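Structure, as structure tokens:
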């Protein structure tokens with residue numbers, strides 16, 4: 001999914017967009033938001049979203065000024081402008097700034113969806129152009145992935161372009177994608193080794209090898225591209241039609257290593273931003289079941305890395321931070337409401353009262369009854 005960022009000085013507009021738009025369905029993930037241009041610029045430099053949706057009139061600095069500053073920083077981003085004013089001069093300036101779309105408030109849901117789908121197609125086209133993939137092959141890669149996601153794993157012998165798709169084994173592509181998203185070079189490298197061993201053992205045709213190699217390269221580059229990381233390396237642009245299997249494996253592994261190194265560097269630069277997003281998510285959802293694994297998946301991080309980084313930044317584990325928030329809210333409810341303790345325990349996320357009692361006493365050094 002591509003990353004989108006929203007800027008508007010009206011919090012209600014930001015919240016409305018979050019709720020109104022089926023972001024995942026249209027191929028985007030909201031990576032952040034801000035109520036002013038200054039905060040937005042700082043975040044956008046860190047997060048490097050593919051799309052910025054910004055109000056045009058804001059205090060101190062307009063949306064157009066923000067766009068110019070982002071352009072000057074060389075960040076490759078598409079823009080959608082929102083405004084409550086049907087102002088032709090603003091529209092002219094927006095078009096000169098190469099803004100993708102100019103939408104009037106109040107925002108129409110269907111119109112916004114059409115705009116986002118159009119931008120997603122544009123981003124897909126940019127990706128194909130940059131890396132020289134044939135559109136029909138990419139469509140075949142994507143269709144095969146969708147079939148698997150919908151529970152149809154019978155893709156053996158499926159035609160892809162002018163050749164045939166012969167899977168190494170069940171779940172091979174899923175494991176490769178997972179290792180890429182977690183930036184685990186060793187696991188991904190072992191999967192590439194397994195694929196080339198399969199080519200030799202099964203004597204896969206040259207055309208079949210080419211299809212599967214191109215699919216792997218496509219996945220590697222697209223996972224990086226979804227983080228707005230462009231990999232302009234000579235390895236990628238070399239034609240690999242005439243390479244023997246050993247040289248081809250070396251080329252694929254080289255691309256893989258470059259991609260993961262760049263994603264790790266991006267994570268290192270932006271880890272503080274990721275951690276604060278995780279912290280904000282916990283604060284908004286402390287009463288729900290939250291696992292470190294699910295939080296890590298949201299930000300494409302390894303569970304172990306996220307847990308250690310959170311502990312280092314905030315001085316406690318993710319689970320402990322959630323328990324503290326729950327107990328803090330419980331104390332507030334005890335002081336300001338007439339609710340029963342069992343009802344309060346459920347409201348803050350504990351279905352088991354004994355569990356609530358244990359954590360309450362551990363954190364406050366008091367029994368819940370002492371607050372009543």
Fill in: Subset of the stretch 360-372 [surrounded by 18 or more Cβ atoms within 10 Å (Cβ to Cβ) and under 23 Å from residue 279 (Cβ atoms)]
360
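Conditions (1) surrounded by 14 or more Cβ atoms within 10 Å (Cβ to Cβ); (2) more than 28 Å from residue 355 (Cα to Cα); (3) in contact with a helix residue (DSSP H, G or I) (Cβ under 8 Å, 6 or more places away or on another chain); (4) modelled with pLDDT of 85 or more, marked per residue:
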| position | (1), (2), (3), (4) |
| --- | --- |
| 260 | yes, yes, yes, yes |
| 282 | yes, no, yes, yes |
| 296 | yes, no, yes, no |
| 299 | yes, yes, yes, no |
| 302 | yes, yes, yes, no |
| 307 | yes, no, yes, yes |
| 314 | yes, no, yes, yes |
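I'd like to verify a number: residues in the stretch 171-198 that are under 19 Å from residue 227 (Cβ atoms), part of a helix (DSSP H, G or I) and touching a residue at least 40 places away in the same chain (Cβ under 8 Å), how many? Before the answer, list the steps.
Taking the stretch 171-198 and keeping what is under 19 Å from residue 227 (Cβ atoms), we get 176-185, 187-188.
Then keep just the ones that are part of a helix (DSSP H, G or I); that gives 176-181, 185, 187-188.
Now drop any that are not touching a residue at least 40 places away in the same chain (Cβ under 8 Å), which leaves 176-177, 180-181, 185, 188.
Total satisfying the criteria: 6.
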Worksheet entry | Residue that is farthest from residue 82 (Cα to Cα), among those in the stretch 22-42 that are crowded, with 21+ Cβ neighbours inside 10 Å and at pLDDT 90 or above | 28
Worksheet entry | Condition check for residue 10: surrounded by fewer than 19 Cβ atoms within 10 Å (Cβ to Cβ) and either under 20 Å from residue 110 (Cβ atoms) or outside the structural domain of residue 104 (by TED's automatic domain parsing) (or both) | no
Worksheet item: Within the stretch 326-348, is even one residue surrounded by 13 or more Cβ atoms within 10 Å (Cβ to Cβ), at pLDDT 90 or above and not in a helix (DSSP H, G or I)?
Response: yes
Worksheet entry | Filtered residues of the stretch 20-42 (kept if touching a strand residue (DSSP E or B) at 6+ places or on another chain (Cβ under 7 Å) and assigned to a loop (DSSP other than H, G, I, E, B)) | 23, 27
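Let's see how each residue does on (1) surrounded by fewer than 13 Cβ atoms within 10 Å (Cβ to Cβ); (2) modelled with pLDDT of 65 or more:
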{"site": "111", "(1), (2)": "yes, yes"}
{"site": "119", "(1), (2)": "no, yes"}
{"site": "147", "(1), (2)": "no, no"}
{"site": "167", "(1), (2)": "no, no"}
{"site": "173", "(1), (2)": "no, yes"}
{"site": "177", "(1), (2)": "no, yes"}
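How many residues are over 24 Å from the mean Cα position of the chain (by Cα) and under 23 Å from residue 128 (Cβ atoms) when one looks only at the stretch 196-227? I'd like the intermediate steps shown before the answer.
Our first condition is that a residue be over 24 Å from the mean Cα position of the chain (by Cα); within the stretch 196-227, this holds for 196-213.
Within this subset, residues satisfying the condition of being under 23 Å from residue 128 (Cβ atoms) are 207-213.
Total meeting the criteria: 7.
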Discussion item. Condition first: surrounded by 15 or more Cβ atoms within 10 Å (Cβ to Cβ) and either more than 20 Å from the chain's Cα centre (by Cα) or modelled with pLDDT of 85 or more (or both). Can you find one or more residues in the stretch 264-271 that meet it?
Written reply: no
Worksheet entry | Members of the stretch 43-66 found to be modelled with pLDDT of 90 or more and under 17 Å from residue 111 (Cβ atoms), listed by number | 51, 53, 54, 55
Discussion item. What's the number of the only condition in (1) out of contact with any strand residue (DSSP E or B) (no Cβ under 9 Å at 6 or more places or on another chain); (2) loosely packed, with under 14 Cβ neighbours inside 10 Å that residue 45 fails to meet?
Written reply: (2)
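The values are calculated or read from the model by the stated rules, or taken from the named source; none is laboratory data. No experiment lies behind these values; they were computed from the predicted model shown. Note: ideal-geometry Cβ built from the backbone for every residue, glycine included; neighbour counts use all protein chains shown.
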